[in-house]
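The values are calculated or read from the model by the stated rules, or taken from the named source; none is laboratory data. Predicted model, so just to flag it, every value in this text is computed and none were measured. All Cβ positions, even for glycine, are placed from backbone atoms using ideal geometry, and neighbour counts span all protein chains on display. In case anyone asks, the SASA skips ligands and DNA or RNA and just uses the protein heavy atoms, side chains included. Shrake-Rupley method; radii C 1.70, N 1.55, O 1.52, S 1.80 Å.
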Amino acid sequence: MEKALELIKAEIRELYPYKVDETCCAVKLDANENPYPLPDELRDKVNKALSEASLNRYPDPYARELKELISKWLSLPEDFLMLGNGSDELIQAILIATSWGSPAVVIPTPTFSMYKITGLAVGHSVFEVPLDDSFDIDPSAIIEICRREKAKVIFLSTPNNPTGNRYSDEKVLEVIRESHALVVVDEAYGDFSGKSLIPYLNDHMNLIVLRTLSKIGMAGLRIGIMAANPALISELDKVRLPYNINSLSQAAASVVLKNMDVIEGQIDAITSERERLYDALKEINGVTAYPSEVNFILFKVKNADMVHKELIDKGILIKNLNRQGRLENCMRVTVGTPAENDAFLNAMENI
Ligand code: PMP
């Protein structure tokens, strides 16, 4: 057994896996999902499309219909796009494609954990640069480390998970201009901020923008979107596994993308609830809430482990981010339905 384990790369054996909290709670506000199901009429259309999918056949390897709909939605030509089984898979594809020589990645922290986990797993050295006091990036520090380590990739989650803010566009553009690395602007939460760096793709060959359908109501379908210049997409597409988007996901997502007005309505409901939740959270004694441009709010309490446990006892699950450093006693709550947010706020007031 031990000998078998030794065959696994040391960097992987040393990794802490990405943890999903599976505690069962009636109010689930831990995973940045859209709390609203599809309305019945649209769900029926999805069900019909699913029932017509040929399960004995491989899916369309290029997910043509879905890609065409996404191209219209994002106003980008199709050859600027590559789809993934969630944007997690696209992050992995970028890291695999750049894992030659002595590969290195630069990430501002705190940020989404998969950049580091996947980076280490595929052989990159990972260099972390702390965010400043307002959770913005320090472009000079990033550019300097990137040059020194000849880093091949920089991941900028903007808006950032878990801090909830967008980095300054000027600073992000400075990093794109001044570094020779691929700069991955991860806009997983971009739909809630209404802003995007997609318009800059034409000017910058080293810019990659990631989007996802996960946060806006389709987390179960696992559809991630990569946008970059066609020459770069062609190279990265060679790493993509054949048939990475299954037939059922292609069929279901295509129906939803033809009805984006429904999703846009849900995004509006979430962003207005976010403001109400933020205002109320700020007023609770002992809570510091940070401004949010996304579908979740980062906040700090005196004892996050205790608050997390007491919330679970009351049937409410949020994410406990408590660890030494910038996130000490910090927690992240996803914006839910008005009733879910009320339940969370009431519980917080009592705690
Ligand atoms: N990027 C960021 C910043 C995220 O927070 C997440 C989800 N936690 C992802 C990417 C991955 O999203 P998915 O694979 O569901 O598209």
- Task: Roll a 1.4 angstrom probe over the protein heavy atoms and tell me the percent of accessible area of the range 225-338 that is carbon or sulfur.
- Result: 50 percent
- Radius of gyration and Dmax for the range 54-258's Cα atoms, expressed in Å? 16.4, 54
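Protein chains only, probe 1.4 Å: how do Trp100, Trp73 rank by accessible area, largest first? Could you put the intermediate results ahead of the total?
Numbers: Trp100 165, Trp73 60 Å².
Listed by decreasing accessible area, they come as Trp100, Trp73.
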- Nearest-10 value in Å² for the accessible area of Met348, using the 1.4 Å probe: 10 Å²
- Note on the structure: Counting only protein heavy atoms and leaving out ligands, DNA and RNA, the solvent-accessible surface of Arg240 at a 1.4 Å probe, in Å² to the nearest 10, equals 50 Å²
- Shape of the range 72-128 from its Cα gyration tensor (a ≥ b ≥ c, root eigenvalues): rounded if a/c is under 1.5, otherwise prolate when a/b > b/c, or oblate? prolate
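Taking the chain, how much of its Cα-Cα pair set, in percent, is spaced more than 33 angstrom apart?
On the way: 18849 of 61425 pairs.
Looking at the chain, the distances longer than 33 Å represent 31 percent of pairs.
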- Task: Return the sequence-ordered ³J(HN,Hα) values of the range 22-30 in whole Hz as given by the Karplus equation 6.51 cos²θ - 1.76 cosθ + 1.60 applied to θ = phi - 60°, using x for Gly and Pro.
- Result: 9, 4, 8, 9, 5, 10, 10, 10, 10
- In a GNM of the chain with a 10 Å cut-off on Cα contacts, which of Ser196, Ser254, Ser272 has the highest mean-square fluctuation? Ser272
- Item | Cα-derived Rg over Rh, computed across the range 198-257 with Rh taken as Kirkwood radius | 1.02
- Query: What's the center-to-center distance, using Cα atoms, between the range 121-198 and the range 66-83 in Å?
  - Reply: 24 Å
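Below 14 angstrom from the Cβ of Asp191, what's the summed charge of the other residues (Lys, Arg +1; Asp, Glu -1)? Mind dumping the intermediate values first?
Values: positive: Arg166, Lys195, Arg211, Lys215, Arg274; negative: Glu33, Asp186, Glu187, Asp261, Glu264, Asp268, Glu293.
Here the count lands on -2.
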- Message: If you count only protein heavy atoms with a 1.4 Å probe, what accessible area per residue comes out for the range 170-284, rounded to a whole Å²?
- Response: 39 Å²
- Query: Considering only DSSP beta bridges whose two residues both sit in the range 54-258, what percent are antiparallel, to the nearest 5?
  - Reply: 30 percent
- Query: Accessible area per residue of the range 1-145 at 1.4 Å probe, in Å²?
  - Reply: 59 Å²
- So, in Å, what gap is there between the alpha-carbon centers of the range 226-278 and the range 292-351? 27 Å
- Query: By DSSP, what percent of the beta bridges with both residues in the chain are antiparallel, rounded to the nearest 5?
  - Reply: 45 percent
- Anchor Lys195: aspartates and glutamates whose Cα lies under 13 Å away (excluding residues fewer than 8 positions away in-chain): Asp169, Asp186, Glu187, Glu293
- Total charge of the residues flanking Arg211 in space, meaning their Cβ is under 11 Å from its Cβ, with Lys and Arg +1 and Asp and Glu -1, is -2
- Query: Once the other residues with Cβ under 14 Å from the Cβ of Arg13 are scored (Lys, Arg +1; Asp, Glu -1), what is the net sum?
  - Reply: -2
- For the range 43-160: rounded, prolate or oblate by the Cα gyration tensor [a/c cutoff 1.5]: prolate
